[in-house]
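Enquirer: Here it is, the structure in full.
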Amino acid sequence: MPDHPGDARDDALNRIDPVIHAPARLKVVTQLYVVEAADAAFLVHRTGLTWGNLSTHLGKLEESGYVALEKEFRGKKPCTMIRLTDKGREAFRQYRANMRQALGPAGPVRGEEAEGE
Amino acid sequence: MTDPELRSEERSAFRATVDTGLWDILLAGVLAMFAFGPLLSRRLGDFWSAAVFVPVWALLFVVIWLVGERVVVPRVGRVRWGSRRKARLSRFSIVMLIVNVVALVLGVVAAVSVRSGTAEGWRVPTALSLVWLVMLSGAAYALDLPRLFLYGVLLGSGPFIGEWLFRHGYASHHGFPVVFGALMGIVAVTGLTKLASIVRRNRPVDDEISLGRNDA
């Protein structure tokens, strides 16, 4: 257990998963977390990423074992469904917990927030 | 990202794939029976003036399914929902089944009482109004589409407005053709506008091309 709250925040920050932390991948993982599986068209529609970008980020997530691609057939038409693996779901849960710990207690006070605006 | 935010994200994702205007168009098809059925009843009789809409609905359903598969899905995507959403949709199906059975029974009772001349005052419009309200409120809740609450209120008040117009000599057939015709128009235009907006804002995509690298 760290001695100071600041140490705990540092620990949490150090544990932030860089694979999920990238904004584009965070969008993709968030969308996949709230459903069981979705196709690429859904992810493009929901995240606003281009096809090329999505493909690249899915590749990185797949390399990390966070997403799995499943081939399906709708009649004769092939369809690829993408889902978060158990490892990916756990990683996202951990990411959220770390972010809460890192940002939660050190959130801006009202005065600072007003100054910033 | 908090749990409420994730729930809100799930709702938003669900709406994005369900609120495509196709349900509105299907509902407008159902309303067509209430609008045009009474006008056909003199020529076709009560039974056939309603039964003639079954093939129309079947055709409409096929067209909507095809538009969904060929036009909407390539644009908004396809999703397998999580267990919570699936459970909610199953409950919705059960509630809709019960409401439809009750509606069918009420419809038969109403038809018999109208024919035998025992239908009293506002009983039939009240029953029809309640069915619309329950059905559309249930759908609004289960599908997370607040617009359906508004439809419920509009369709729920429709039979009363129709009856009032009829009693004051402003409309024939208990006001059904006027009221439900107008509502059918509103619902159909809303659905078509929604569908057109989805088609305009999203380009169709073929995931097999873009994800081809995964086959390598």
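The values are calculated or read from the model by the stated rules, or taken from the named source; none is laboratory data. Please read all numbers here as calculations on a predicted model, not as lab measurements. Here the Cβ positions follow ideal geometry from the backbone for every residue, glycine too, while neighbour counts run over all protein chains shown. The protein model used for the area step is the full one, side chains on, heavy atoms only, and it has no ligands, DNA or RNA in it. Shrake-Rupley method; radii C 1.70, N 1.55, O 1.52, S 1.80 Å.
Enquirer: Would you confirm, using the coordinates I've provided, whether B:Ser93 is more than 14 Å from chain A (Cβ to nearest Cβ), open to solvent by less than 40 Å² (accessible area, probe 1.4 Å) and either over 27 Å from A:Pro23 (Cβ atoms) or modelled with pLDDT of 90 or more (or both)?
Expert: No, not satisfied.
Enquirer: Could you tell me how many of the residues in segment B:124-183 are outside any helix (DSSP H, G or I) and closer than 21 Å to B:Ala111 by Cβ?
Expert: Number of matching residues: 2.
Residue-by-condition table, conditions (1) modelled with pLDDT under 90; (2) more than 30 Å from B:Leu6 (Cα to Cα):
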| site | (1), (2) |
| --- | --- |
| B:Asp46 | yes, yes |
| B:Ile64 | no, yes |
| B:Gly68 | no, no |
| B:Arg80 | no, no |
| B:Ile98 | yes, yes |
| B:Val101 | yes, yes |
| B:Leu104 | yes, yes |
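Enquirer: Something else now. Using the structure shown, decide if B:Val30 is under 26 Å from B:Ser129 (Cβ atoms), under 23 Å from the mean Cα position of the chain (by Cα) and open to solvent by 80 Å² or more (accessible area, probe 1.4 Å).
Expert: Answer is no for this residue.
Enquirer: Answer with yes or no whether A:Ala22 is more than 9 Å from chain B (Cβ to nearest Cβ), within 21 Å of A:Thr85 (Cβ to Cβ), out of contact with any helix residue (DSSP H, G or I) (no Cβ under 7 Å at 6 or more places or on another chain) and hydrophobic (A, V, I, L, M, F, W, C).
Expert: yes
Enquirer: Next up: Identify the residue in segment A:34-58 that is over 13 Å from B:Arg78 (Cβ atoms) and facing another protein chain (nearest Cβ under 7 Å) and, among all such residues, is farthest from the chain's Cα centre (by Cα).
Expert: Applying the filter and picking the extreme gives A:Trp51.
Enquirer: How many residues are farther than 23 Å from B:His174 by Cα and assigned to a helix (DSSP H, G or I) when one looks only at segment B:1-57?
Expert: Residues meeting the conditions: 24.
Enquirer: Additional query: If you take the residues of segment B:135-170 that are among the small types (Gly, Ala, Ser) and more than 19 Å from B:Arg123 (Cα to Cα), which of them is surrounded by the most Cβ atoms within 10 Å (Cβ to Cβ)?
Expert: B:Ala139
Enquirer: Note down all Cβ pairs under 6 Å where the first residue falls in segment A:25-38 and is surrounded by fewer than 20 Cβ atoms within 10 Å (Cβ to Cβ), the second is among the β-branched types (Val, Ile, Thr) and at pLDDT below 95, and they're at least six residues apart or on different chains.
Expert: The qualifying pairs are A:Leu26/A:Ile20; A:Lys27/A:Thr47.
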